[in-house]
Amino acid sequence: MLCWGNASFGQLGLGGIDEEIVLEPRMCSFFVNKKVQDVGCGLRHTVFVLDDGTVYTCGCNDLGQLGHEKSRKRPEQVGALDAQNIVTVSCGEAHTLALNDKGQVYAWGFAADGQLGLPGTEDYTRVPSEVFSWGQNKYGQLGLGFEYKKQTSPQVIKSLLGIPFAQITAGGAHSFVLTLSGAVFGWGRNKFGQLGLNDENDRYVPNLLKSLRSQKIVYISCGEDHTAALTKEGGVFTFGAGGYGQLGHNSTAHEINPRKVFELMGNIVAQIACGRQHTSAFVPSTGRIYSFGLGGNGQLGMGTTSNRKSPFPVKGNWLAYSGQIPVNLDGEDYYCVKRIFSGGDQSFSHYVTPQKRACQSHSTNMYVFPFSFFCNSEIEGMFSSSGCLNGKKSVQSNISLSSFCSNDDHYRTSARFSGVDMNAARLLFHKLIQPEHPHISQQVAASLEKNLIPKLTGSLPDVEALRLFLTLPECPLMNEAKNYMTLAIPFATAIVNLEKAPLKVLENWWSILEPPLFLRIVELYKDVVVHLLKLYKLGIPASEQRIFASCLHASLKVLEILHRVCLGNLYSYFQYDRFYIHEIQDLIDIRNDYFNWIQQQAYGMVNVSDGPVTICTYPFVFDAQAKTTLLQTDAVLQMQMAVDQAHRQNFSSIFLPVFESVNPCLILIVRRENIVGDAMEVLRKTKNVDYKKPLKVIFVGEEAVDAGGVRKEFFLLIMRELLDPKYGMFRYNEDSRLIWFSDKTFEDSDLFHLIGVVCGLAIYNFTIVELHFPLALYKKLLNKKPTLEDLKELMPDVGRSMQHLLDYPEDNVEDTFCLNFTITVENFGATEVKELIPNGADIPVVKQNRQEFVDAYVDYIFNKSVASLYDAFHEGFHKVCGGKVLQLFEPNELQAMVIGNTNYDWKELEKNTQYKGEYWADHQTIKWFWEVFHELSLEKKKQFLLFLTGSDRIPILGMKSLSLIIQPTGGGDEYLPVSHTCFNLLDLPKYTNKEILRSKLIQAIDHCEGFNLV
């Protein structure tokens, strides 16, 4: 051990020497053949810890700071700690703290301001990864707030809870903590800017030093009124008081912001240490120690008492670990530095001789955790503290429980990057939680339930504290149904209670998770919701219903947050149906839930977290079948209200002639040859309230009573007529076979309004219509913006060209594409140029604005060019079908609701067919029928669906919802099969052979238009 500086009280441990100051490094004979683990320096005393855990002190003992009454000039052992294995020490001006391998703190020395933290120190320090402070708080150096003046026992700094710490350090009256990801928090006195916060105001609570957040700080050291920070790359920042040059900037000015010591650039610094008013830095590549600042007591080790304003080498024959011993010189005169220490006005260097360096393990890492616990206590500690779980490592496995990442990833931690290797987290959790070790699982579960999750708060000091929220769902215990109430649901409550800023960070982190990891969180809380609804179905006691509602609300709220992440266009690959809970229909009464939802909205109770939970508040969990039930429920409710109003008006008209009698249904009497004109005439006179009535259609001259089938054909025929090219209302794209509104039509908006009404009536009356619009139409109906993907669907060639423009890698976009902000359209054989934005003809498309051009192009096609026509369609549609339930649908689902789908499963149709009379599945006629049917072409099969149901497409719920019924009928081989489209019922005569059945069936489906009573 080499030492230099103030020796007036024996604090250098050199024995009874004459000098009061030592100007150059001098060997302390006491430490020959001893290995020093740590050194703590007070103002006038020093504490040494050896590798065997023993503690030695020397220097001033006026206030008991040595812990013994032996010699003061030489290091003497502190006998009171003989039974303890001390691993690290720290000194204040006149008191000492020592930490043992069990996490217990011992204190002695001056106690006037409570700096010893006694009594009760042991009890407080058993809690892992939390920061405690005690003593004088005149400048806020305890970090507890302004109201605390002095604390005589340790107090936890609550504002730092949840952060994984790498280091804590204190100066004269200021304090710092360093997190594993390099975040620096400081508080206390700031008269000289020693907190680095760009001002000179004291801080009474920890403040994040944002200017160092991206610098990869690995170590902090504090002097009396200045601070030094070391980066992973070996750079040094200093700030605070600089009156003696202790900042190393070749100046005596104070610095209120961290400033890099440029005089050390070109050297990679591995260690730093601050004395009262001086600073030391160790450069391993040369083996040299540099120092700067106050030198009046020889603490700079340069052979003089002069101050230094910039770094100068400490005198001595320093040798790098990799360096060669100079020839013809005694190797004992050379020193290989292991650690440097500074404090007060003294400095120390622990070294090895060049001959012994091969046997020594050399590390430049200053931030070592020398703690070692038994497995059980370690597990309990790890899973009881969010800070510990966020950052500490398992001593047994040497694998981090949460910060599963490389050092570089640690320092990249930000609102956009968690710094966590989630796959490593999952593997470790699964390694720890195993069936063959149930006691470990029980201990972890108990620690999470009783200690960790209840302490989670909504306000967090730094993004690092959020890592727990990312990794804990990977713990297998969270996915066990028996732990839903004790772990998964309380954890969901903690997520929901996060303040806006930390919740946004968590959403950012979720958004870049790998899909399987993200999906696991979704599946976890879907399972929790199903579990709760099953309990609800069994019955919840009245006394527990409030708690149940709170649990269900929290779980659904987490799913809502996850769903919001997916909607942010970050999960384009993530299908919305992954949030569907298909068991919903079996577990709750959807109709009743809908009525409760309507009532809650009416009374403004939708977002009340402790009130009754309605699943309709979280529509993303409904699958298509459930949403269809909701829409039917809404339609039936609206129809019933309209019918009831009609009946009330009819009843009033009996006694009060002023009231007209009205029909409880919306009646459309139309001629096939003038179906558009007749329908428009009736609907133009129809009041809005009448659209909500059940629709009945009568074809003039036909006998059928509309029980559904006539209505189906009406929709088929009128849509076929309206979309006929003779009207010129729509443009047909040959490539996509889709239509879109034509901006060049002579028809007025009434026809577009009629189409909107017809589409709305079709949905409202549960009828499929044939409508070859792109998905963009349904997006617009649900107030969602069409995108480039929609342009690709409608106009594939144009869409591909736009994508090529966006993907073009070179800078010469203008020269290559020769585009400006215009579009060329056809106008009755001529071409016309339209500007996409004001003065668009004068604005060329370049690399910087090409996205704006594509957005403007898409907006023109789907919005601007057809605004008046679409508005008429939109008004007509929403006049019938507008309502809250429609907004629950995704565009794809609404499209399938309107036009059905073509996911034909003919075997499923056969499987779900029912038989009446003497028919049954193995009846010969039935066997012939299905043999003939499966041999038909796809087009003929679709014609059969049209013949039987009134549409060649299948409902959104699939083939199983068609419920085909076949019954025998009288007659013989000369009779045709007859369909009752209202009921999906087929009258099938008992034919004498398969060929006759084939002939008659094909004849029937080829002539299926028209209705007559059979």
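The values are calculated or read from the model by the stated rules, or taken from the named source; none is laboratory data. Just so you know, these numbers come straight off a predicted model, no measurement behind them. With ideal geometry, Cβ positions are generated from the backbone for all residues, glycine too; neighbour counts draw on all protein chains shown. Accessible surface areas use protein heavy atoms only, side chains included; no ligands, DNA or RNA. Shrake-Rupley method; radii C 1.70, N 1.55, O 1.52, S 1.80 Å.
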Quiz item: Which of the residues belonging to region 249-282 are more than 42 Å from the chain's Cα centre (by Cα) and either more than 16 Å from TRP4 (Cα to Cα) or without any contact (Cβ under 8 Å) to a residue 24 or more places away in the chain (or both)?
Solution: HIS249, ASN250, SER251, THR252, ALA253, HIS254, GLU263
Exercise. Please list, ordered by first then second residue, the pairs with beta carbon atoms under 9 Å, 6 or more apart or interchain, first in region 533-550 and within 17 Å of GLN585 (Cβ to Cβ), second charged (D, E, K, R) and surrounded by 12 or more Cβ atoms within 10 Å (Cβ to Cβ).
Key: LEU533/GLU583; LYS534/GLU583
Quiz prompt | Pairs with Cβ under 9 Å, 6+ apart, first in region 848-867 and under 18 Å from MET729 (Cβ atoms) and in contact (Cβ under 8 Å) with a residue 60 or more places away in the chain, second loosely packed, with under 14 Cβ neighbours inside 10 Å and of a type outside the set (S, T, N, Q) | solution = PHE862/LYS785; ASN863/LYS785
Quiz item: Which one of these does THR486 not meet: (1) open to solvent by less than 40 Å² (accessible area, probe 1.4 Å); (2) outside any loop (DSSP other than H, G, I, E, B); (3) free of Cβ contacts under 8 Å to residues at least 60 places away in the same chain; (4) not hydrophobic (A, V, I, L, M, F, W, C)?
Solution: (1)
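Out of everything in region 860-874 that is of a type outside the set (A, V, I, L, M) and surrounded by fewer than 16 Cβ atoms within 10 Å (Cβ to Cβ), what residue ends up being nearest to LEU695 (Cα to Cα)?
Applying the filter and picking the extreme gives ASP871.
I need the strands (runs of 3 or more DSSP E) fully contained in region 238-339, keeping only those with at least 1 residues that are charged (D, E, K, R) and outside the structural domain of ARG44 (by the TED database). So that I can check it myself, show each step before the final result.
Working: elements: 255-260, 271-274, 278-283, 288-293, 308-313.
Per the criteria, 255-260, 288-293, 308-313.
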Quiz item: Looking at region 888-936, which of the residues that are more than 30 Å from LYS1000 (Cβ to Cβ) and assigned to a loop (DSSP other than H, G, I, E, B) is most open to solvent (accessible area, probe 1.4 Å)?
Solution: GLU890
Practice problem: Report yes if ASN596 is at pLDDT below 75, over 23 Å from MET897 (Cα atoms) and either open to solvent by 20 Å² or more (accessible area, probe 1.4 Å) or not in a helix (DSSP H, G or I) (or both), otherwise no. | Solution: no
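Restricting to region 1-46, and then to whatever is β-branched (Val, Ile, Thr) and within 25 Å of GLY172 (Cα to Cα), can you tell me which residue is surrounded by the most Cβ atoms within 10 Å (Cβ to Cβ)?
Residues of region 1-46 that are β-branched (Val, Ile, Thr), as a first pass: 17, 21-22, 32, 36, 39, 46.
Next, only the ones that are within 25 Å of GLY172 (Cα to Cα) stay: 21-22, 39, 46.
Details: ILE21: 18, VAL22: 22, VAL39: 25, THR46: 30.
Across region 1-46, the extreme among qualifying residues is THR46.
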Exercise. Inspect region 257-266 for any residue being open to solvent by less than 40 Å² (accessible area, probe 1.4 Å), at pLDDT below 95 and on the phi < 0 side of the Ramachandran plot and give the result as yes or no.
Key: yes
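I want to confirm something. Restricting to region 819-833 and keeping residues that are of a type outside the set (Asp, Glu) and modelled with pLDDT under 90, which single residue is least open to solvent (accessible area, probe 1.4 Å)?
Taking region 819-833 and keeping what is of a type outside the set (Asp, Glu), we get 819-825, 827-831, 833.
Adding the requirement that they be modelled with pLDDT under 90 leaves 824-825, 827-831, 833.
Working: THR824: 92, VAL825: 23, ASN827: 44, PHE828: 139, GLY829: 70, ALA830: 51, THR831: 112, VAL833: 97 Å².
Selected residue: VAL825.
Looking at VAL846, VAL885, VAL880, can you tell me which residue is open to solvent by less than 70 Å² (accessible area, probe 1.4 Å) and either outside the structural domain of LEU761 (by the TED database) or of a type in the set (Asp, Glu) (or both)? Spell out how you get there, then give the answer.
Numbers: VAL885 fails: either outside the structural domain of LEU761 (by the TED database) or of a type in the set (Asp, Glu) (or both); VAL880 fails: either outside the structural domain of LEU761 (by the TED database) or of a type in the set (Asp, Glu) (or both).
Going through VAL846, VAL885, VAL880 in turn, the sole match is VAL846.
From the list ASP644, ASP623, ASP634, ASP586, exactly one residue is modelled with pLDDT of 75 or more, loosely packed, with under 14 Cβ neighbours inside 10 Å and acidic (Asp, Glu). Which is it? Break it down into steps so the answer makes sense when it comes.
Working: ASP644 fails: modelled with pLDDT of 75 or more; ASP623 fails: loosely packed, with under 14 Cβ neighbours inside 10 Å; ASP634 fails: loosely packed, with under 14 Cβ neighbours inside 10 Å.
So the residue among ASP644, ASP623, ASP634, ASP586 that is modelled with pLDDT of 75 or more, loosely packed, with under 14 Cβ neighbours inside 10 Å and acidic (Asp, Glu) is ASP586.
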Quiz item: Cβ-Cβ below 9 Å, separation at least six or inter-chain, first residue in region 959-972 and free of Cβ contacts under 8 Å to residues at least 24 places away in the same chain, second surrounded by 13 or more Cβ atoms within 10 Å (Cβ to Cβ) and part of a strand (DSSP E or B): which pairs?
Solution: SER961/ILE954; THR969/VAL978; THR969/ASP987; THR969/LEU988; THR969/PRO989; GLY970/PRO989; GLY971/PRO989; GLY972/PRO989
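In region 191-211, what residues are open to solvent by 60 Å² or more (accessible area, probe 1.4 Å) and part of a loop (DSSP other than H, G, I, E, B)? Working first, answer last.
Taking region 191-211 first, the residues open to solvent by 60 Å² or more (accessible area, probe 1.4 Å) are 191, 198, 200-201, 205, 210-211.
Across region 191-211, the qualifying residues are LYS191, ASN198, GLU200, ASN201.
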Exercise. Can you confirm whether region 779-799 contains a residue that is touching a Cys at 6+ places or on another chain (Cβ under 9 Å) and open to solvent by less than 20 Å² (accessible area, probe 1.4 Å)?
Key: yes
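Please verify whether VAL87 is touching a strand residue (DSSP E or B) at 6+ places or on another chain (Cβ under 7 Å), in the same structural domain as GLU20 (by the TED database), under 27 Å from ARG339 (Cα atoms) and modelled with pLDDT of 85 or more, treating the condition exactly as stated.
Numbers: touching a strand residue (DSSP E or B) at 6+ places or on another chain (Cβ under 7 Å): yes; in the same structural domain as GLU20 (by the TED database): yes; under 27 Å from ARG339 (Cα atoms): yes; modelled with pLDDT of 85 or more: yes.
Yes.
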Self-check item: Count - residues of region 804-818 that are open to solvent by 50 Å² or more (accessible area, probe 1.4 Å) and under 22 Å from ASN863 (Cβ atoms)
Solution: 0
Exercise. Would you check if ARG731 is assigned to a helix (DSSP H, G or I), open to solvent by 40 Å² or more (accessible area, probe 1.4 Å) and among the charged types (D, E, K, R)?
Key: no
Practice problem: Mind listing whichever residues of region 65-102 are open to solvent by less than 30 Å² (accessible area, probe 1.4 Å) and either among the acidic types (Asp, Glu) or part of a loop (DSSP other than H, G, I, E, B) (or both)? | Solution: GLN65, LEU66, HIS68, PRO75, VAL78, GLY92, ALA94
Practice problem: Determine whether region 742-750 contains at least one residue that is modelled with pLDDT of 80 or more and surrounded by 22 or more Cβ atoms within 10 Å (Cβ to Cβ). | Solution: no
